[in-house]
1. Return the sequence-ordered ³J(HN,Hα) values of the stretch 349-357 in whole Hz as given by the Karplus equation 6.51 cos²θ - 1.76 cosθ + 1.60 applied to θ = phi - 60°, using x for Gly and Pro.
2. Below 12 angstrom from the Cβ of A357, what's the summed charge of the other residues (Lys, Arg +1; Asp, Glu -1)?
3. For R229, what charge total do you get from the other residues with a beta carbon under 12 Å from its beta carbon, if Lys and Arg give +1 and Asp and Glu give -1?
4. Okay, helix-only estimate at 222 nm for the chain: each DSSP H run of n ≥ 4 adds -39500 (n - 2.57), divide by all residues, round to 500 deg cm²/dmol; what do you get?
5. Could you state the accessible area per residue of the stretch 368-478 in Å², with a 1.4 Å probe and every protein chain left in place?
6. Counting only protein heavy atoms and using a 1.4 Å probe, what share of the accessible area of the stretch 397-474 belongs to carbon plus sulfur, as a whole percent?
7. If I compute solvent accessible area with a 1.4 Å probe over the protein chains, what percent of it on the stretch 1-115 is carbon and sulfur?
8. Could you tell me which of rounded, prolate or oblate describes the stretch 66-141, using a ≥ b ≥ c as the square roots of the eigenvalues of the alpha-carbon gyration tensor, with rounded for a/c under 1.5 and, failing that, prolate when a/b is larger than b/c and oblate otherwise?
Amino acid sequence: MTFSQPPEIPGGLAGLESRVRQDLAWLDLPTCSWVPERSVDGRHVLDVVVIGGGMAGLTASGYLRRYGLLNHVVLDQAPAGQEGPWVTYARMTTLRSPKTLSGPCMGLPGLTFRAWYEARFGTVAWDGLDKIPRQAWMAYLEWLRHVLDLPVRNGVTLTNVARAADGVLALSVVQDGVSETLLCRHLVLATGRDGLGGSYVPPVIAGLPRDYWRHSADPIDFAALKNRRVVVVGAGASAMDNAATALEAGAARVDMVIRRATLPAVNKFTGIGSMGVVQGFVGLPDGWKWRFMDTVLDAQTPPPRPSVLRVSSHPNAFFHLSCPIDRVEMAGNTVRLHTPRGVMETDFIIAATGFCADLSRRPELAGMAPHIRLWKDRFTPSAQDMPSGHVSAELASSPDLGPGFEFLEKVPGSCPWLKYVHCFCFPATLSHGKVSGDIPAISDGAERLARHITRALFVEDRETHYANLVAFDTPELRGDEWRDSPLPAIG
């Protein structure tokens, strides 16, 4: 992992790791494994499988261990050190979150980014740090996985989810071209922004030959854009980051095509961030949940000021507001864009147009997708619930989740095993708030998830636990600690 860094303190991380292990020992964590072992036809059954080894998956795994669910595994299709967006398609210089957020520390001070950074580079370096370099954040997450000894397997792709015998789930996975089936009782999808769909590309762009466009989350050869004209569609943080990266790679010019008349300036949800929102959002009536999220989406999240300045500092960067794309066409090797403000030509388009929840784009979920209840299947917002004045397609297509992030059935009884599959990724926001994908409250969300699974496993195994209670006969007393005495005489 390489990033601009001050000199390291010899032995600093080793000392922190010793402290973390001591803290865990003092807290008697992780607790002992307590879930009865299960097998089906002689095959071992995992209690939980987590798909996704990024920040959300690691935090979920940490809490599963804390609650004694040691019989679990985390699977990620990326190589080790490339999980999540941080060193792949994230192209910002630094994270946008304040460096002081506790993030995925799971309530332990020694597991915070600050503890890791100060142990590695010292307090002077911490005091001089403005925002967290994204490569440093990835290095910290790798350390978190190491120090907690989390059970992550890399290079594993989930290809199908089905119900097996005895009510357990059968997961088809592939690693290095070899297929296998894993059996588990609960499945957690910690799969990030595109966890229930994928990148959204407007049809007007998607119809172009693939050599002439990429989504901002795709691998992009920025060196190949040197001396070429680039159009970036969008005005969010990702749009700014990709535009800046193209400019820094030597693009001849970068035109930012922005549908809105002005850039959004106020980050609504951040402005009301509190433990009340973190813990209370999930308890709101449906209409109020919709109203909060509709207001946030309508206002949009502004790009960070440094990201915009990173773009505008280049004389060959141009912002075009009130400029939606009506249609595009190829003119030889040039893309011609028709907008209300005129016609523009470019060599390459980067669509920084976000993600969508579209279960039809996830073949591994095909067996359950038709049965998953979405918000639009049971809730119609009133005019009061829609400050934007229209029904948000993004909110309508969000999964309608239970208290433990579990999927619910569209038709009761049609797919009972859905309750064993948990959506711990961004599309859970309308049901649970911002606790399943962003740094500030990821520990709170992961603990909510782990507590629910812990409770569900105990309730399901209640007969076994009761039988263990009845059979338990280890005596505390041996009979030699006391003796029966006669009653004292009267008078």
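1. 10, 10, 8, 8, 10, x, 10, 9, 8
2. The answer is 0.
3. Values: positive: K226, R228, R253, R336; negative: D255, E345, D347.
Value of the local net charge: +1.
4. Working: 15 runs with 141 residues, N = 491.
Rounded to the nearest 500, it is -8000 deg cm²/dmol.
5. Values: 5490 Å² over 111 residues.
The answer is 49 Å² per residue.
6. Values: 1930 of 3330 Å².
For the stretch 397-474, the apolar C and S fraction of the accessible surface comes to 58 percent.
7. Values: 2910 of 5320 Å².
Carbon-and-sulfur percentage of accessible area, whole number: 55.
8. Numbers: a/c = 2.36, a/b = 1.26, b/c = 1.87.
The shape class here is oblate.
The values are calculated or read from the model by the stated rules, or taken from the named source; none is laboratory data. Model, not experiment: these values are computed from the prediction. With ideal geometry, Cβ positions are generated from the backbone for all residues, glycine too; neighbour counts draw on all protein chains shown. We work out accessible area using only protein heavy atoms, side chains counted, and drop any ligands, DNA or RNA first. Shrake-Rupley method; radii C 1.70, N 1.55, O 1.52, S 1.80 Å.
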